[in-house]
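Since the structure comes first, as structure tokens, the remarks are kept for the end.
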Amino acid sequence: MSTPPSLPAEQLRAAILGARSLVILTHKNPDGDALGAALGLCNFFLQKDKKTCVLIPDAYPHYYRFLPGRHKIVVADKQPDAARLALTQSDLIFCLDFNRLDRLDLLEETFRKLQVPKVLIDHHPDPEKAEWIHVFHDTSASSTSEMVGRFLELVFPQDPLSPEVATCLFTGIFMDTGGFMYGFSADTFRQCMRLMEAGARTQEFIHHVFQNNTLDRLRLFGYCLYEKLQVLPEYATAYMSLTQEEMKRFNFRKGDSENFVNMALSLGNVQIAVLITEQDNGITRLSFRSKGEIPVNELATLYFSGGGHRNAAGGQVQGNASQAEALLKEKLPEWLRHIWPAVSI
């Protein structure tokens, strides 16, 4: 469902060009779409000679360090003073790839106090719209990176995209569609064509994200497939669970488990896949994927304090991996009985 722009394009363009300091915010545990969208927009603003930075609550996966403009990223839990200063000195803030303010984590309190104009660009369902002067939102979009491409077309129709902008946005689109396996449309490919014509460095992206594995990561992947993959055939579900001890054994770095859940979903008789990863702060995260019409965002919202898209969602529990696994196995049958008439498993 698309929400029409709440401010005219001319007014948005004037606000951007008139701003002295722009800040771009995205969510905790930023993924490829969050980073691609944020840095794509940041690079465009830098072309306009605008003072711009990207704020993220915590660290991002190492294989996205190739993205142009990454030197403009401020990681709030490592640089709290710089993050607060950037926010308090900003006169226009862009919020990308999140629908709830709690996804800002340690930045949420400062953000809520700011009395500056805030713009949302996002594709997640049911955003908290009260915080923003302008909401550019469409749940049918493949990614926030696609939304940023559309936003720039609307607000700056005469301005060409640089290869740096195009590389970031293409990365975000590719990653949030799982390599064009889900969530894409004809509009997605139109945006990708525009980005490639603008000089998106697709081979550089492929090398850094898909052809740059460490030996530890490959061994962790093999361990997950051989030792940790569990299948619940009666529920057409597969899951993998990793403890902190197991991750330390394979010298885990943030992002090393990227795409593991999709490999579980690739099983022919599986309709739902879950990756359970124990964190070092008493929280365990769950990443959900599904095929077809199965709304795993509903499962994430109902039982795991999460949310997301129909076929890709996330959640968490207070507790360890074993407790998260037990809760999943308890709630999954209950939830499937609820949605069973609407889906075919």
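What follows is calculated from the coordinates using simple rules that are stated; it is not laboratory data. Remember, it's a predicted structure, so these values are computed and weren't measured experimentally. Every residue, glycine as well, gets a Cβ built from its backbone with ideal geometry; the counts of neighbours run over all protein chains shown.
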Classified through the alpha carbon gyration tensor (a ≥ b ≥ c as square roots of its eigenvalues; rounded if a/c is under 1.5, else prolate when a/b is larger than b/c, else oblate), the range 19-178 comes out rounded
For the range 116-178, which GluC sites (Glu not before Pro) are in a loop by DSSP, counting at most 15 other Cβ atoms within 10 Å?
128
For the range 190-253 and the range 104-153, what is the separation of their C-alpha centers, rounded to whole Å?
27
Among 159, 122, 176, which comes first, then next, by fewest other beta-carbon atoms within 10 Å?
159, 122, 176
For the pair residue 130/residue 245, report the inter-label distance in nm, with labels modelled 7 Å from Cα in the Cβ direction.
4.6
State the extension gain, in nm to one decimal, for the chain segment bounded by residue 211 and residue 267, taking 0.36 nm per residue of separation less the distance between their alpha-carbons.
17.8 nm
Between residue 326 and residue 51, Cβ-based FRET efficiency (R0 51 Å, step 0.05) works out to 0.55
Calculate, for residue 218 and residue 283, the FRET efficiency according to 1/(1 + (r/R0)^6) with r their C-beta to C-beta distance and R0 25 Å; round to the nearest 0.05.
0.40
Ranked on Cβ counts within 10 Å of their own Cβ, fewest leading, 65, 219 go 65, 219
The chain - mean residue ellipticity at 222 nm from DSSP helices (-39,500 (n - 2.57) per run, n ≥ 4, rounded to 500)
-12000 deg cm²/dmol
With unit charges on the beta carbon (Lys/Arg positive, Asp/Glu negative), name the residue among 16, 237, 332 whose Cα is farthest towards the positive pole of the charge dipole of the chain.
16
Using the structure shown, select from 48/113; 254/331; 78/254; 28/48 the pairs with a Cα to Cα distance greater than 26 angstrom.
48/113; 254/331; 28/48
Using Cα pairs closer than 8 Å and at least 6 residues apart in sequence, work out the relative contact order for the chain, in percent.
14
The simple spin-label model distance between residue 197 and residue 78, using points 7 Å out along Cα→Cβ, in nm, is 3.8
Residue order, fewest to most surrounding Cβ atoms within 10 angstrom, among 124, 62, 71:
71, 62, 124
Under a point spin-label approximation (7 Å from Cα along Cα-to-Cβ), what is the residue 253-residue 230 distance to one decimal in nm?
3.0
In debye, nearest 20: dipole of the chain around its Cα centre with unit charges on the Cβ of K, R (+) and D, E (-)?
500
Cα shape, the range 215-342, gyration tensor, a/c 1.5 rule:
prolate
What label, among [x] -0.21, -0.29, -0.38, -0.60; [y] -0.24, -0.33, -0.43, -0.67; [z] -0.32, -0.42, -0.51, -0.72, belongs to log10 I(q)/I(0) by the Debye sum over Cα atoms at q = 0.06, 0.07, 0.08, 0.10 Å⁻¹ computed from the structure on display?
[x]
Sequence ranges 91-98, 135-142, ranked by mean other-Cβ count within 10 angstrom, highest first:
91-98, 135-142
Computed for the range 25-117: size of charge dipole around the Cα centre, +1 on C-beta of each Lys and Arg, -1 on C-beta of each Asp and Glu, debye to nearest 20, value 260
Might you report the magnitude of the Cβ-based charge dipole of the range 192-299 about its Cα centre, with Lys and Arg at +1 and Asp and Glu at -1, to the nearest 20 debye?
260
